[in-house]
Amino acid sequence: MTIGSMFGDIFKSFFKKPATEKYPFVKLDAPENLRGKLLWNPEKCAGCMLCVKDCPSGAIELITIDKVNKRFVMRYHMDKCTYCAQCVLNCRFDCLEMSDEQWELAATSKEPFEVYYGRDEDIKLLLERAAQGEADAPCPPA
């Protein structure tokens, strides 16, 4: 490569638009069929635990509050999830889905990667029991 051809490339690049995206400042649309954050609908869930059994990374825990009244809390570990959607495919009751809107999941601390799904009162009960040191002990029927 001669020096003259190198200077030609340099001058051409001065007038070209940058190839990079200004991502944090300019938001892009999510690609079609993107598998983002797992979402769970507790009203549809029957507690069969197929999602827990089929999750290859162990990112899903289903904690039973009251089996008779179908009260469950799902603990979802986003940092363990491989976003394979195996749990969504095997759910018989269509209570799981992968969000195509919540896909920017980076954080500076580990706390936001443990998500609890369920009724607010059930989650509050579970967190109170966890604070007392009885994290996965069965909860009494309400």
Calculated FRET efficiency for the pair Met6/Trp103, C-beta based, R₀ 41 Å, to 0.05: 0.50
Among Lys44, Lys80, Lys22: highest mean-square fluctuation, GNM of the chain, C-alpha pairs under 10 Å: Lys22
Which of the lysines could a cross-linker bridge to Lys80, judged by Cα under 18 Å and excluding same-chain residues fewer than eight apart? Lys37, Lys53, Lys110
Contour excess over end-to-end distance, with Cα ends at Thr82 and Glu111 and 0.36 nm allotted per residue: 8.6 nm
Charge dipole of the chain about the Cα centre (unit charges at C-beta), most positive-ward option of Ser5, Leu50, Asn90: Ser5
Modelled label-to-label distance, Asn33 and Lys16, 7 Å Cα→beta-carbon offset: nm? 3.2 nm
By per-residue mean of other Cβ atoms within 10 Å, what is the highest-first order of 123-131, 91-99? 91-99, 123-131
Value of D in µm² per second that Stokes-Einstein yields for region 17-139, Kirkwood Rh from Cα pairs, at 10 °C (1.306 mPa s): 99 µm²/s
For region 1-74, which GluC sites (Glu not before Pro) pass both filters: DSSP loop (anything but H, G, I, E, B) and at most 12 other C-beta atoms within 10 Å? Glu21, Glu32, Glu43
Rounded to the nearest 10 degrees, the helix 120-131 long axis (Cα) sits at an angle to the longest Cα principal axis of the chain of 90 degrees
Would you mind telling me the share, in percent, of accessible area of region 33-142 contributed by carbon and sulfur at probe 1.4 angstrom? 51 percent
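The values are calculated or read from the model by the stated rules, or taken from the named source; none is laboratory data. Quick caveat: nothing in here was measured; it's all calculated off a predicted structure. Virtual Cβ from ideal backbone geometry, glycine too; neighbours counted across all protein chains shown. Side chains are part of the model used for accessible areas, which takes the heavy atoms of the whole protein and leaves out ligands, DNA and RNA. Shrake-Rupley method; radii C 1.70, N 1.55, O 1.52, S 1.80 Å.
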